[in-house]
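Colleague: My questions all concern the structure below.
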Amino acid sequence: MSIRRARVAEEADHWYVDKLSDRRMWFRPKADEMTVTLSQAADNDVLSRLVQAAPVRSVSRGANPRLGFAAIYVRPAADVTAVRSLPEVANALPVMVDPEGLSRYFLPDELTVQFREDVDSARAEEIIRGLGSEVVVRQRTPGYYTLAVPEGAGLPVRHYPSFRRTARGDVRRTE
């Protein structure tokens with residue numbers, strides 16, 4: 001599998017709008033654990049080099065070299081910038097703790113989006129292309145996609161206003 005990861009902006013503002021309560025919910029970033037995407041198609045050698053790097057302690061919840069991501073524990077005082085500077089890493093994001101205290105593992109350069117039921121796939125993919133993004137996975141649920149975050153953009157999608165202008169209410173939710 002060929003993996004090309006765009007370099008995305010680092011995030012410092014970690015919140016989402018809860019779809020049930022319509023309230024803003026904040027995540028707390030964990031200081032000692034991150035999710036990283038790998039800069040190249042990975043094998044065990046890439047993961048070994050990653051774990052031997054100064055800011056990294058070990059793999060935490062696992063890794064999938066074929067899909068190009070890993071959850072890692074980092075040493076004290078290691079930050080996203082230090083981890084992103086590693087040649088094996090395309091992007092990094094702290095593991096997030098939600099309001100219930102549960103750890104959430106988000107890939108820093110992918111997001112999911114679900115379009116309203118009345119938006120056909122041609123229109124959905126036109127919107128996606130208009131954002132400078134591309135489909136990573138077409139999910140089994142109609143209108144539900146995993147997207148690549150465009151080069152230089154940040155997560156979540158609420159941070160780039162072109163999404164709202166382009167989608168014009170066609171999107172049901174993003175995660």
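Colleague: Going from the alpha-carbon gyration tensor of the range 34-96, what semi-axes, largest first and in whole Å, does one get by taking the root of 5 times each eigenvalue?
Modeller: 16, 11, 11
Colleague: Loop-only check: which GluC sites (Glu not before Pro) in the range 76-120 are DSSP coil with at most 16 other Cβ within 10 angstrom?
Modeller: Those that pass, being in a loop and sparsely packed, are Glu100, Glu117.
Colleague: Counting each pair of different Cα atoms once, what's the Kirkwood radius of the range 1-124 in Å, rounded to one decimal?
Modeller: Across the range 1-124, the inverse of the average 1/r is 15.7 Å.
Colleague: Give me the extension gain from Ser58 to Ser121: residue separation times 0.36 nm, minus the current Cα-Cα distance, reported in nm with one decimal.
Modeller: Using 0.36 nm per residue and subtracting the Cα-Cα distance, I get 18.6 nm.
Colleague: Here's another thing I want to ask about it. Solvent-accessible area per residue for the range 1-106 at a 1.4 Å probe radius, Å²?
Modeller: Result: 56 Å² of accessible area for each residue.
The values are calculated or read from the model by the stated rules, or taken from the named source; none is laboratory data. As the structure is a computational prediction, the values presented were derived from the model and not from experiment. Neighbour counts are summed over all protein chains in view; Cβ atoms, including those assigned to glycine, are modelled from backbone coordinates with ideal geometry. Remember, those area values only see protein heavy atoms, side chains included, never the ligands or the DNA or RNA. Shrake-Rupley method; radii C 1.70, N 1.55, O 1.52, S 1.80 Å.
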